[in-house]
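The values are calculated or read from the model by the stated rules, or taken from the named source; none is laboratory data. This is a predicted model, so every value here is computed, not measured. Here the Cβ positions follow ideal geometry from the backbone for every residue, glycine too, while neighbour counts run over all protein chains shown.
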Amino acid sequence: MKVEVYEALNDNYNLANYDDAVKNHNWEDIEKNFSWSETGKINMAYECIDRHVDNGKGDKIALHYKDQNRQDSYSFKDMQIASNKAANVLKNKANVKKGDRVFVFMPRTPELYFSLLGTLKIGAIVGPLFEAFMEKAVKDRLENSEAKVIITTNDLVGRIPKDELPNLEHIVVVDDEVSDEYIDFNKEFEKADEKFDIEWLDKEDGLILHYTSGSTGQPKGVLHVQEAMVVHYISGKYVLDFKEDDVYWCTADPGWVTGTSYGIFSPWLNGVTNCIVGGRFSPEGWYEFIQTYGVTIWYTAPTALRMLMGAGDDVVSKYDLSSLRHVLSVGEPLNPEVIKWAHKVFNHRVHDTWWMTETGGHMIVNYPSMDIRAGSMGKPLPGIEAAIVDDQGKELPPNRMGNLALKKGWPSMMRTVWNNQPKYESYFINDEWYVSGDSAYKDEDGYYWFQGRVDDVIMTAGERVGPFEVESKLVEHPAVAEAGVIGKPDPVRGEIIKAFIALREGYEESDELKEEIRKFVKEGLAGHAAPREIDFKDKLPKTRSGKIMRRVLKAWELDLPAGDLSTLED
Ligand code: ATP
Ligand code: MG
């Protein structure tokens, strides 16, 4: 196998000059820099792990892992051996073959990553599941994808209704004591051969099957193929800004696309040291991790940043976070207030990135070299043509709110919705535009501004109001930790704005506070944007990937069925 030095890309893809990069961009030229463009043979796991060993970087740390009970570091060579052993276990004991769907359903431990990479080495398609999924969520996904094998733990195996899943041939359990019904991963891993013949694939062969977060309805099984790595690689370089000595931490779980595209593929394609933190969120634990491991690039989410902000500045000040040099966020709109707070306490501006399960990788982002406009998602990745279009696919002029759309055909675009081709086709207008389902506008300088999900945009007294704008204003109020805003039908105004608010530590709910918050939005944003109704909640309903579920708020309010709740956080 020929190993190409990818660094050649640096020269012809310089984002210090964004406009030039956009003009000179050509996906085909970029693909030429990948060894597989000559051999026709590709495998994500090879490109992530083995390639670095072949290039003499075997001793470099690939993974720092930490949870409450365990702390380990693995070199690229260690990862190569571990993923080979896992591949041997899955191939020889569970009969996994190219194209099979193999699910990982377990907490974040090194074994999850070994077996995920091992699955890829066989050429099988990985399906990651959040460990918190209950039986129905697990069953729906295994059924829809006709999964053959699932890798799990003793705590979770009871949630897999094997008798109802005729295609599921094997359950692999990673644990100390494993029942005879299952394949004992640790025991087999111990004995497995350290060498494995990687299955070479075509760039259109399957890579990963990700179910979407379920914010707007039933989760969709989005299929990505090997070629997606082109976007994972490039965006790692130019958006995450990976350099040889970086220590990178992406806080997302692999049950969500961020936890694979940017928690696994992008950092390892770029050969950087990646960090995985298992266990539960705690502000102290997170800060301590950054301090101890000297994290330089940190990719997290608005919900996490809001929780850190809610925990207070005294907590941050106890830690030395000076190793950080680049902080990014994804998943939800990044409230300007959060950017301001992060700038104050971390001395870094948070760089927002917009994309979705279906796009496979970054689409609209804030580059390290770019002036950040707080509240804007930034500009398209070179090679991505974005636009704001109406429902017929006609482009709208600057500053008009409409459908955020992307010109079809980038390498990491989903290839289908599993077992639901009509759903897949419904994303496109005129076979030209991929329509995201998000509403946004573009300003004169080409920056994109997120307004909300198309379904969530509120029509009140003839005005279109994006819920995000109102939510962001609400979070600026010192009492407000989180806010979710919906349109509530109203005979006079069409809809009125209703806000659900979780208060920060130390604040009590009262009618005076409601009035004060309403006034705050009225004076700071606009009269028509001020919520006419406010409800205080201890917690807002969120998906496992940390997104506020406005459809659940709406269902509560209107006493409607809430729909698929499989991804609701407990
Ligand atoms: P479902 O498609 O099942 O309803 P989902 O859309 O939440 O769930 P994901 O693919 O995980 O599933 O999330 C993508 C969505 O997250 C985007 O369409 C957008 O609404 C939101 N999002 C992601 N990044 C950003 C961002 N930087 N700013 C605003 N919204 C974002
Ligand atoms: Mg979606």
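Quick notes on this structure:
- Of all residues in segment 529-570 being touching a residue at least 60 places away in the same chain (Cβ under 8 Å), away from ligand 2 (no atom under 16 Å from the Cβ) and not in a loop (DSSP other than H, G, I, E, B), the one that is surrounded by the most Cβ atoms within 10 Å (Cβ to Cβ): LEU553
- Subset of segment 130-158 that is free of Cβ contacts under 8 Å to residues at least 40 places away in the same chain and charged (D, E, K, R) - its residue that is surrounded by the most Cβ atoms within 10 Å (Cβ to Cβ): LYS139
- Residues that are touching a strand residue (DSSP E or B) at 6+ places or on another chain (Cβ under 6 Å), assigned to a helix (DSSP H, G or I), within 16 Å of ligand 2 (Cβ to nearest atom) and of a type in the set (D, E, K, R), drawn from segment 432-485: none
- Filtering LEU156, LEU168 for residues that are outside any loop (DSSP other than H, G, I, E, B), farther than 23 Å from TRP268 by Cβ and either at pLDDT 95 or above or not aromatic (Phe, Trp, Tyr) (or both) leaves a single hit, LEU156.
- Any hit, segment 354-375, residues being farther than 19 Å from PHE242 by Cα, modelled with pLDDT of 95 or more and polar (S, T, N, Q): yes
- When we screen ILE517, ILE486, ILE501 for residues that are at pLDDT 95 or above, closer than 20 Å to LYS537 by Cα, within 16 Å of ligand 1 (Cβ to nearest atom) and over 23 Å from the mean Cα position of the chain (by Cα), the only hit is ILE486.
- Qualifying residue in segment 247-257 (condition: within 15 Å of ligand 1 (Cβ to nearest atom), surrounded by fewer than 24 Cβ atoms within 10 Å (Cβ to Cβ), not in a loop (DSSP other than H, G, I, E, B) and not hydrophobic (A, V, I, L, M, F, W, C)): no
- Some residue of segment 234-243 being within 12 Å of ligand 1 (Cβ to nearest atom), more than 15 Å from the chain's Cα centre (by Cα) and over 25 Å from LEU201 (Cβ atoms): no
- Qualifying residue in segment 310-317 (condition: within 21 Å of VAL480 (Cα to Cα), within 16 Å of ligand 1 (Cβ to nearest atom) and touching a residue at least 24 places away in the same chain (Cβ under 8 Å)): no
- Scope segment 258-274; condition over 20 Å from GLU227 (Cβ atoms) and either buried (at least 24 other Cβ atoms within 10 Å of the Cβ) or free of Cβ contacts under 8 Å to residues at least 60 places away in the same chain (or both); matching residues: VAL272, THR273, ASN274
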